[in-house]
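Everything below concerns the one structure shown next.
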Amino acid sequence: MAGIKLIDKLKQEANHYLNLPYMINVVRDGKIIKERFLGGKGNWKDIDKEFKRLAKIEKVNLAKLTPQQIYNFQKKHKIGIDCSGLATQLLIFYGNLIGKKINLNPRKTSADMLTSLPLSQRIIDFDLIQTGDLIRQKNGHHILFIIEKKGKIIDYIDSSFDGRGVKYAQANLSDPLFDNQGIFRLNQLNN
């Protein structure tokens with residue numbers, strides 16, 4: 001179980017991603033046909049650097065933009081992150097916090113890959129769910145990153161097109177309407 005200080009550090013890292021637009025490469029027949037900035041897989045520092053670079057080129061005063069204008073500017077320039085990019089970046093960060101090296105290449109991950117063998121194992125017992133576990137949704141096309149579990153309630157973060165980018169949310173694991181197609185733990189996080 002992650003302690004309060006670890007969860008606070010993880011939240012501080014996750015906060016850097018909040019409100020980024022959902023962004024993903026366009027793929028057809030297994031090939032990327034339109035490469036977008038870092039393919040929706042970059043870390044917040046790279047995303048922020050590109051955002052500021054483009055604002056400077058376009059002579060946009062970032063201090064005068066509202067959060068909605070920032071979001072729109074990033075979306076216009078295809079700057080954002082997808083759910084597996086976000087989960088991978090947070091898994092790597094969390095692994096470093098707890099002293100485990102997470103060997104994942106964000107550019108080569110997908111929601112399905114992160115929640116499948118041989119990378120992960122399914123958590124059957126809800127009592128064993130912990131920070132850093134992943135919830136599989138939409139037949140492996142979407143994942144949620146668990147920040148914290150409090151009884152049957154989980155706090156998570158994800159990036160979704162439907163949710164307008166990166167957001168925190170809560171879910172009750174016993175709610176039959178909650179899309180839970182399995183909870184998975186990256187094997188590299190197991191003791």
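Apart from one condition, residue 115 fits all of (1) under 18 Å from residue 40 (Cα atoms); (2) of a type in the set (Val, Ile, Thr); (3) buried (at least 22 other Cβ atoms within 10 Å of the Cβ); the exception is (1). Scanning region 53-95 for residues that are of a type in the set (D, E, K, R) and under 17 Å from residue 17 (Cβ atoms) returns 75, 78, 82.
How many of the residues making up region 151-191 are of a type in the set (Lys, Arg) and at pLDDT below 95?
Residues flagged as of a type in the set (Lys, Arg) and at pLDDT below 95 within region 151-191 amount to 2.
Scan region 64-81 for residues that are at pLDDT 95 or above and either more than 26 Å from the chain's Cα centre (by Cα) or in a loop (DSSP other than H, G, I, E, B) (or both) and the total you get is 3.
Among the residues of region 171-180, just one is among the polar types (S, T, N, Q) and surrounded by 15 or more Cβ atoms within 10 Å (Cβ to Cβ), namely 180. For region 82-123, a residue qualifies if it is in a helix (DSSP H, G or I), under 18 Å from residue 48 (Cα atoms) and not hydrophobic (A, V, I, L, M, F, W, C), and the qualifying residues are 85, 88, 89, 106, 107.
Taking residues in region 174-189 that are within 14 Å of residue 122 (Cβ to Cβ) and assigned to a strand (DSSP E or B), and partners anywhere that are among the acidic types (Asp, Glu) and modelled with pLDDT of 95 or more, the pairs with Cβ atoms closer than 6 Å and at least 6 places apart or on different chains are 183/133; 185/133.
Entry remark, region 119-144: residues being in contact (Cβ under 8 Å) with a residue 60 or more places away in the chain and within 14 Å of residue 189 (Cβ to Cβ) number 8 in total. Counted as qualifying within region 124-170 are the strands (runs of 3 or more DSSP E) with 2 or more residues that are touching a Gly at 6+ places or on another chain (Cβ under 9 Å) and surrounded by 14 or more Cβ atoms within 10 Å (Cβ to Cβ), namely 134-137, 142-150.
Can you find even one residue in region 93-100 that is within 21 Å of residue 160 (Cβ to Cβ), modelled with pLDDT under 95 and buried (at least 21 other Cβ atoms within 10 Å of the Cβ)? No - not one qualifying residue is present in region 93-100.
The values are calculated or read from the model by the stated rules, or taken from the named source; none is laboratory data. What you see is a predicted model, and the numbers here were worked out from it, not measured in a lab. A quick note on method: Cβ atoms are made from the backbone with ideal geometry, for glycine too, and the neighbour counts reach across all protein chains shown.
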